[in-house]
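Take a look at the structure set out below.
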Amino acid sequence: MNIVGAERRPVAACLGGALALAGLMGMGAVGTAAAQTGGASWYASGQRTANGERFNPNDLTAAHRSLPFGSRVRVTNTANGRSVVVRINDRGPFARGRIIDLSRASARAIGMGGVTHVALERID
């Protein structure tokens, strides 16, 4: 059924403004994920990251499956509201239900203990 004078546009075009306001535009493949929320885990060992630099558990860094290396992401612990800005320098996590792996320092900054529910917001 067509409504007279109604314009047919792709759903993405209709949602573009809302996605931009929510900070999800420009997140590449991540923008296709529901609402960038999910489980986060942390890790404190490893030699090299996927981008070739030496892993330092005391840096505010993280691993993400698809964000470009060097992207900065605000990670917010939804249980306590604490957040930290991390730089993506590795790939992962590879465990089901998790959307990001944080370095030990990043996890401490948001008060993580084990797998924690977080929200992601790309900064740049």
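For segment 111-124, a tally of residues being closer than 11 Å to Ala79 by Cα and either touching a Leu at 6+ places or on another chain (Cβ under 8 Å) or among the aromatic types (Phe, Trp, Tyr) (or both) returns 1. For Ser41, the conditions (1) polar (S, T, N, Q); (2) without any contact (Cβ under 8 Å) to a residue 60 or more places away in the chain; (3) surrounded by 19 or more Cβ atoms within 10 Å (Cβ to Cβ) all hold with the exception of (2). If the condition is being of a type in the set (Ser, Thr, Tyr) and under 17 Å from Gly114 (Cβ atoms), then segment 78-95 contributes only Thr78. Cβ-Cβ contacts under 6 Å between residues 6 or more apart (or on different chains), taken from a first residue in segment 77-105 that is touching a residue at least 60 places away in the same chain (Cβ under 8 Å) to a second residue that is surrounded by fewer than 16 Cβ atoms within 10 Å (Cβ to Cβ) and among the hydrophobic types (A, V, I, L, M, F, W, C), are listed as Arg104/Ala44.
Values in this text are rule-based calculations from the coordinates and carry no lab data. Keep in mind that what you see is a predicted model, and the values were worked out from it rather than measured. In this analysis, Cβ positions are derived from the backbone assuming ideal geometry, glycine residues included, and neighbour counts consider all displayed protein chains.
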